[in-house]
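Step one of this worksheet: look at the structure below.
Coordinate-derived values only; no laboratory data. Note that the coordinates shown come from a computational prediction; the quantities given were computed from them, not determined experimentally. Cβ placement follows ideal geometry from the backbone for every residue including glycine, while neighbour counts extend to all protein chains displayed.
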Amino acid sequence: MSNLDDIDRQERRQILIRLENEHATLDKQVAEHSAASGIDQLALSRLKRRKLQLKDAIVRLKSSVLPDLPA
């Protein structure tokens, strides 16, 4: 494995951590909005959509960072 591969892997791990942190923050915001009276459904919907986008990105990134396991 070359140094370039190691750098790319490190960068992907850093991005993964950032995405996971953002996902956790959005999870808290969704819970707060859901519990609040006078819920703004549009804002809640946007938060949930962004959260799902992040989850998809996290799954894709994890598959590129983690080595394949033998069957």
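Farthest toward the positive end of the dipole of the range 3-65, out of Ile39, Ser64, Gln53, is the Cα of Ile39, where the dipole comes from beta carbon charges about the Cα centre. Excluding residues fewer than 8 places away in the same chain, name every one of the lysines whose C-alpha is closer than 22 Å to that of Lys28. Leaving aside lysines fewer than 8 places away in the same chain, those within reach of Lys28 are Lys48, Lys51, Lys55. Taken over the alpha carbons of the range 3-65 as equal point scatterers, the Debye sum produces base-10 log I(q)/I(0) values at 0.11, 0.14 Å⁻¹ of -0.33, -0.48. Estimated at 0.36 nm per residue, the fully extended path between Asp27 and Ala43 surpasses their Cα-Cα distance by 4.4 nm.
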